[in-house]
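Step one of this worksheet: look at the structure below.
Every number in this text was worked out from the coordinates using simple rules, so none of it is lab data. Here the structure is a predicted model, which is why all the values come from computation and not from measurement. When we count neighbours, we look across all protein chains shown, and the Cβ atoms used for this are built from the backbone with ideal geometry, even at glycine.
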Amino acid sequence: MRTMFLLVAGLLWAGQGSAQAAEENCPELPTGAGVAWDVVQAPDFVFCKAIRESDGTQAFSVMLGPDPTFRPERGMREETGVIDGHRVRWYRGDVATMREVHVRETLVELGRRSNAHIVVRADTEDLLVRNQQLAEAMRFRATAVGGD
């Protein structure tokens, strides 16, 4: 029985460590922003969702990896901004099944083999602006930059 308890405790401890390690690959969120990361780690990418602590909704997401699937289209250009010293161009996006959702996407090159694809979605223009400002306030960690 004691062996079983130690085995379960060890597995739980290991799971906590790997979840924490995955979160450490996500960008640093602004202090007091009221969001926390929900993280999915895969062999070649990390998917970080900034979830509001107040209501559980997603403010924005960041996909970190070497090969982004997002391809910016000139005709979809919208605002410009700065994320952690990187100048960015936001592009209008859409959700095929939800036309009323406002979407902005951008791509940040962090190094030769590392990119961040950032997606902001909101039900209103006002919330979209607030979510973009929150995304622009994050800072990339050195672990995400690799490859220079």
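Here the peptides 120-127, 102-109, 51-58, 30-37 are ranked by packing, the mean other Cβ count within 10 Å, and the order with the highest first is 102-109, 120-127, 30-37, 51-58.
Subtracting the Cα-Cα distance of Met98 and Thr124 from 0.36 nm times their residue separation leaves 8.1 nm of extension gain. Of the residues Met63, Met98, Met76, the one with the fewest other Cβ atoms within 10 Å heads the list, and the complete ranking is Met98, Met76, Met63.
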